[in-house]
């Protein structure tokens, strides 16, 4: 792979994303979420319905932090799918890709450069949102989330999985179909996660294995549940009625499996792109 071709496509990809105002729309949505979160947090903390004990106040702030990260998770999933969904399929359909591929730029350079630029954008976006949640919690309540960096890394890996699926899918699928496939890929992971959690709660090993297999096929929800396990202190896991808390925590091996999954999907996308007629 040549650096010149890679950097040229990377620059063009960034300029195209900026021209279509995808980055601006994503930033605006993220800032609105942070504003709403900070406002709600201030009202809850400064104007409680009744006096709280130290333990109750700590639990309330912990739940507020989890809610903030839950919002970050939803936004990161949406951006990871919508930002690159038209990157390859749209240019192939319009004929732009035929012009790019006819120049002295390898197809692998085109796909990898686009993947890398979108990855940088999504990573910076998640870092901004996580920093906003953490700083809001700190300034308004004085609460510090001790595992925010590790949780953010898992959210970034989840977004990387989705990004890789969308970029590879864009080689073979139309824009709309690619988006539907990506959302289905994520939805299946959520369903698999719920199957696994319910199976753990009722003690059904067969159903738990089904959920585990689904998590291996689509590891996005497993990464989110692992991030939740880091954000919530052990004492909260004993309170089953609390929201956001996973009953089944994926092992660290799921993280390495997700990294291998990304490498394989990107490599498959490169192979498809190299053999596809334009």
- Working out 0.36 nm times the residue gap between residue 150 and residue 268, then minus their Cα-Cα distance, what length gain in nm do you get to one decimal? 39.6 nm
- Task: Note the angle between two axes, namely the Cα long axis of helix 3-19 and the longest principal axis of the Cα atoms of the chain, as a number of degrees from 0 to 90, rounded to the nearest 10.
- Result: 60 degrees
- Note on the structure: Semi-axes a, b, c in Å (a largest) for region 3-275, each sqrt of 5 times a Cα gyration tensor eigenvalue, come to 37, 23, 13
- Points 7 angstrom from Cα along the Cβ direction at residue 3 and residue 128: gap in nanometres? 2.9 nm
- What full-extension length gain, to one decimal in nm, is calculated for residue 172 and residue 93 as 0.36 nm per residue of separation minus the Cα-Cα distance? 27.4 nm
- Message: For the chain, set up a GNM with springs between Cα atoms under 10 Å and report which of 219, 84, 146 has the largest fluctuation.
- Response: 146
- Of the residues 227, 131, 87, which exhibits the maximal mean-square fluctuation in a Gaussian network model of the chain defined by a 10 Å Cα contact cut-off? 131
- Assuming R0 = 25 Å, what is the FRET efficiency of residue 120 and residue 70, from their Cβ-Cβ distance, to the nearest 0.05? 0.55
- Item | Separation of the residue 44 and residue 78 label points, Cα + 7 Å toward Cβ, nm | 1.9 nm
- Query: Between the helical axis of 148-172 and the dominant principal axis of the chain, each derived from Cα atoms, what acute angle in degrees is found, rounded to the nearest 10?
  - Reply: 30 degrees
- Item | Extended-chain gain in nm, criterion 0.36 nm per residue less alpha-carbon gap, residue 184 and residue 15 | 57.9 nm
- Message: Just to confirm the number: angle between the C-alpha axis of helix 54-82 and the first principal axis of the chain, 0 to 90 degrees, nearest 10?
- Response: 10 degrees
- Item | Choice from 226, 107, 21 showing the highest fluctuation, given a GNM over the chain with Cα pairs closer than 10 Å | 21
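We did not get these values from a lab; they are worked out from the coordinates using the rules stated. All values derive from a computational prediction rather than experimental measurement. Reconstructed Cβ throughout: ideal geometry from the backbone, glycine too, with neighbour counts over all protein chains shown.
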